[in-house]
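Some notes on the structure that comes next.
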Amino acid sequence: MFCNRLTRVPIPFDPEAGRAATSLLGPPTDVLPLIAGAAGCSPFLARAMERERDWLAEIWDADPVATLDRLLSDMSRIEGDPMAPLRQAKRRAAILVALAELGGVWPVMDATAAWTRFADAALQASLTYALSRHARGPVSGDGGLVAFAMGKMGAFELNYSSDIDLILLFDESRYDPADYGTARAILLKVARLAMARMSDITAEGYVFRTDLRLRPDPGSTPIVLSMEAAERYYEAMGRTWERAAWIKARPAAGAIAAGEGFLARLKPFVWRRHLDFAVVEEAFDMRRRIRDHKGLAGKPELPGYDMKLGPGGIREIEFLTQTQQIIAGGRDRSLRVRGTLEGLDRLTDAGWVEPADRDVLQDNYRHFRSIEHRIQMVQDAQTHRLPREAEGLRRIACFMGGADAAAFASDLRARLDAVSAITDPSLAHPDAADGGETIEGADAITERWMTYPALRSDRARAILGRLRGGLIDALAKSSRPPEALAAFDAFLRGLPAGVQILSLFEANPRLVALLADICATAPDLARHLSANAGVLDAVIDGSFLAALPSRWTPPETDGDFEDGLEELRLWHREAHFRIGVHLLRGLVTPNEAGLAYGALAEATLKRAWTLAEAETERRYGRVPDLVLAGLGMGSLGVGRLTARSDLDLVILHDGAAEGAVSDGRRSLGAAQWAARFTQVLITALSARTGAGRLYEVDMRLRPSGKQGPVATPLTGFARYQAEDAWVWEHMALTRARPLVGDADLCAKAEAVRTDVIGRSRFDRAAVLAALSEMRRRLLEAGRRGGGLSVKSGPGRMQDIELAAQAHALIGCCVMRGAAEHLDASGWLLAETRAELSEAHRLMSDVQQVLRLITDADPPGQLGAGGSEFLARTLGRDDVEAVAAACDAAAERAAELISAALDRARAEG
């Protein structure tokens, strides 16, 4: 099948050698050009094919994949010492892989995968033989010994003449402590013999050179370590390059299942959810040291150019891919892949790499790997450098299918430049401290930065020195640069440490622009960020600026109550910040932000509820048949919150038989259990920790307010609403929504709510009288509003919402929210409802924006950036126009509500 699948062939560099090979081998006519080209370019292949001419005659009509499978199968059945059989198999595999790649039967990365499969089989055969020779006593079977393939072998990307990087570990849990020393000594002998069978040079050559120096502390540890010892090392002393090395690692031979278990346990070391962004700084330094050590800095010269390590070459593409994976893979599991090409695809899908850049990098990675292979095929030499002499370059050009060395060189230079244009900006280590912009008074502010806690270390100062110019440039682009710089100064002053966050900025320039935007628009948010800088982790996630989800999914953990809450707080903090940035950047409208905040609160409440139930059950056991449900009241019930909303809750319970008690060490009745649960839930939601606080909780809307129990039985709730509730409590029910807990109890609670609204004991006159009284009391309490103070006051949000609730109660409307209430028919005229709805929408939008910027009411000075943000979001010329629109809308709304009440009184 070689014959009918060839798509390309090399041009013989040495035509005489090519003719000699075809004459000797006598291959089918269709394969003559391939044999002539391979032998005419590679003395190694010419010699190898001469030795294996009988075997070659057998495979011309066979599928190359089937040929490889048969070869590997034969290796698995080797009896006795594999030294000679493995070397013959290696020679045949080298011929097969070379001809399949050169003839275009296998693309280059298929060839690397085939070569890696051969390496796995050779390693397994060597381990099997060594175990058969030395296994005794406590060591049997595979002995728990596993060979981890690292680097290119781990990723199925072995090059044609590669050595193989391995780490050998054994599962110590298989052995009794008394047998540990004996087992380790035996496994050391096994490892030495197996590695010798792979790398010893005989008359038949060698199989693979093995390198075991990637193991923990190779200068002072044996070549085989226990998994437990390796875990301790990585936990205590693991370095950035070791984290990167384990990205591609896989168990290739031996105790594969034990190896997979070790990789699972090592994930927290490799993939960190909350990244130490100082690793990026270390990665930059590592790249620079490699270039300097190898003398590879500067513009590449093609004679002698290193395809692996040179600028714009193979390692640059791999380095970019792995650096981005290690930054984001802790948060995005989809990035945890071994292969370079697949890694680039995943990074593109996640928004880390532009599609056009991905295409350039992948195309050239394949091309460079093809050149690398041909360099190595010439003499089976482990080299990555192009020949220095002209004839040597022409040989590689012929091997690549073209006889023109000048055209080959020109094409390669263009490809290297194209890669460098992508990798250099991503991986460069900027040294320039000065930007092109200036801000008045900046020198006086920046001079004191070095006295801040975040800049105590020389490393942090060096990073800030490199960032300073870009920071000033970004801040200078705001509408009021001095205000933006002052806000950034407050942010920097509040940071407890600097290396990690500054390294994050250096690795992600878009964060600098975002922080400048926040500083210019919402200084209060910038101050919050300095105390919660971990939320910036989320910004590097490729999905951060994608459309907000309609449903949020909190993380689930296997830990205890406190672990679960800590994880929930960290997740909530990032999601909350994400919504704010979307509003700040104009990616969502204020109303959409309100819905997103509401959906986030509901998801957070549900997860906290689950954790609180489990914790209460752990403490007190469970009361048979007891079920609970939570009603969201106010804005939570409506499903629209702001950045600073608290949660209004009513907790209900039902189902337990009279006298039933919990089955825990300390028995509680149903009411007591529900009360303890409620206390646990409130603490979970409102306790302030290092990860922040989720929400303040307000339970004053429960039956009897502060005097009532914190958790109410459903029967008591229904009786209270039917017999004892005030008018305003029935009005509040028009916004209530059962949203968490037992589904059946939620349905029963909703039935009580709709029944109360549909058959309220308060008639229209009583509801409107109560509305008038509430408006009077609010006015006497000084709730007058004005300008941007849109929450309270005549005609403002609270006034419109109360009128809408009265309208809904009178009209038996069970929909929730002011807009929904005002859509229904009832007490208010259609024209009045339309105007009130429009006024409420305006002021709700203003409130949503203001609550992102500040928690003050009235808001006070917003600064130029905040004022511009508010005006831009509301579609007005300036903040004064926004305030004037609010005043006009409120004045009109107050007139409409008063007129409607006057009309109702006149009608009797």
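What the Cβ-Cβ distance of residue 722 and residue 665 gives, at R0 = 41 Å and to the nearest 0.05, is a FRET efficiency of 0.55.
Stretched out straight at 0.36 nm per residue, the stretch from residue 888 to residue 447 would grow longer than its current Cα-Cα span by 154.0 nm. Between residue 610 and residue 178, residue separation times 0.36 nm minus the direct Cα-Cα distance comes to 151.0 nm.
Pairwise alpha-carbon distances in region 359-404 exceed 11 Å for 66% of all pairs. In region 834-893, the alpha-carbon atoms span a convex hull of 76 Å³ per residue. Counting lysine pairs in the chain whose alpha carbons fall under 16 angstrom apart, excluding pairs fewer than 8 residues apart on the same chain, gives 5. Beyond 19 Å, what share of the Cα-Cα pairs of region 604-731 remains, rounded to the nearest whole percent? Of the Cα pairs, 51 percent sit more than 19 Å apart.
Shape class of region 745-876 from the Cα gyration tensor (axes a ≥ b ≥ c, square roots of the eigenvalues): prolate, since a/c reaches 1.5 or more and a/b is larger than b/c. Per residue, the solvent-accessible area of the chain (1.4 Å probe, heavy atoms of protein chains only, all protein chains present) comes to 41 Å². So how tilted is helix 278-294 from the main axis of the chain? Cα-based, degrees 0 to 90, rounded to 10. Its long axis makes an angle of about 20 degrees. Can you classify region 1-58 as rounded, prolate or oblate using the Cα gyration tensor, where a ≥ b ≥ c are the square roots of its eigenvalues, rounded means a/c under 1.5, and otherwise it's prolate if a/b beats b/c and oblate if not? Oblate shape, in that a/c is at least 1.5 and b/c is the bigger or equal ratio.
Summary of packing: across the peptides 591-600, 320-329, the per-residue average of other C-beta atoms within 10 Å ranks them, highest first, as 320-329, 591-600.
Projected onto planes of every orientation and averaged, the convex hull of the alpha-carbon atoms in region 568-666 covers 7.4 nm². For the pair residue 644 and residue 857 in one chain, pulling the backbone fully straight at 0.36 nm per residue adds 75.5 nm over the alpha carbon distance. In this simple spin-label approximation, residue 421 and residue 404 carry label points 7 Å from Cα along the Cα→Cβ vector, and these lie 2.2 nm apart. Solvent-accessible area of region 574-613 (1.4 angstrom probe, protein heavy atoms only): carbon and sulfur portion equals 52 percent. Helix 227-237 and the longest principal axis of the Cα set of the chain meet at an angle near 60°.
Mean projected area of the Cα convex hull of region 201-247, taken over all directions, amounts to 4.5 nm².
Contact order, relative form, for region 162-215: 60 percent (alpha carbon pairs under 8 Å, 6 or more residues apart, mean separation divided by residue count).
Net charge within 9 Å of residue 336 by Cβ-Cβ distance, Lys/Arg positive one each and Asp/Glu negative one each, not counting residue 336 itself?
Values: positive: 267, 333, 338, 346; negative: 332.
Around residue 336, the surrounding residues sum to +3.
Can you give the Rg to Rh ratio for the chain, taking only C-alpha atoms and Rh from Kirkwood?
1.09
In this simple spin-label approximation, residue 381 and residue 781 carry label points 7 Å from Cα along the Cα→Cβ vector, and these lie 8.8 nm apart.
Across the options 577, 37, 668, the greatest Cα extent toward the positive end of the charge dipole of the chain (unit charges at beta carbon of Lys, Arg, Asp, Glu) belongs to 668. Could you tell me how many degrees, from 0 to 90 and to the nearest 10, lie between the Cα long axis of helix 458-476 and the main elongation axis, the longest principal axis, of the Cα atoms of the chain? It is inclined by approximately 60 degrees.
Just from its helices, what would the mean residue ellipticity at 222 nm be for the chain, if runs of 4 or more DSSP H residues each count -39500 (n - 2.57) and the sum is divided by every residue, rounded to the nearest 500 deg cm²/dmol?
Here the helix-only value at 222 nm equals -19000 deg cm²/dmol.
Percent antiparallel among DSSP beta bridges with both residues in the chain, to the nearest 5? Roughly 70 percent of the DSSP beta bridges within the chain come out antiparallel. A protection proxy built from the mean count of other Cβ atoms within 10 Å ranks the segments 399-410, 111-122, most packed first, as 111-122, 399-410. Using only the C-alpha atoms, the convex hull of region 116-200 corresponds to 85 Å³ per residue. When each of the peptides 251-259, 543-551, 761-769 is scored by the mean number of other C-beta atoms lying within 10 Å of its residues, the order from highest to lowest reads 251-259, 761-769, 543-551.
Roughly how many percent of the accessible protein surface of region 740-883 is carbon and sulfur, given a 1.4 Å probe and a whole-percent answer? Roughly 50 percent, rounded to a whole number. Our coupling estimate for region 491-498, obtained by passing each phi through the Karplus curve with A = 6.51, B = -1.76, C = 1.60 and θ = phi - 60°, is 4, 5, 5, x, 6, x, 8, x Hz, Gly and Pro reported as x. When only the Cβ of Lys, Arg, Asp and Glu is charged (+1, +1, -1, -1), the dipole of region 25-167 relative to its Cα centre reaches about 460 debye. Spacing of the modelled spin labels on residue 242 and residue 363, each 7 Å from Cα toward Cβ, amounts to 4.1 nm.
Amide H to amide H, with H built 1.01 Å from N, residue 648 comes under 5 Å of 633, 636, 698, counting only residues 5 or more places away or on other chains. Normalised by the number of residues in the chain, the mean separation of alpha-carbon contacts (under 8 Å, six or more apart) gives a relative contact order of 8 percent.
The values are calculated or read from the model by the stated rules, or taken from the named source; none is laboratory data. It should be emphasised that the depicted structure is a prediction, and the values quoted were computed from it without experimental measurement. Here Cβ is always computed from backbone atoms with ideal geometry, including for glycine, and neighbour counts include all displayed protein chains. Just the protein is used for accessible areas: all its heavy atoms, side chains included, with ligands, DNA and RNA removed. Shrake-Rupley method; radii C 1.70, N 1.55, O 1.52, S 1.80 Å.
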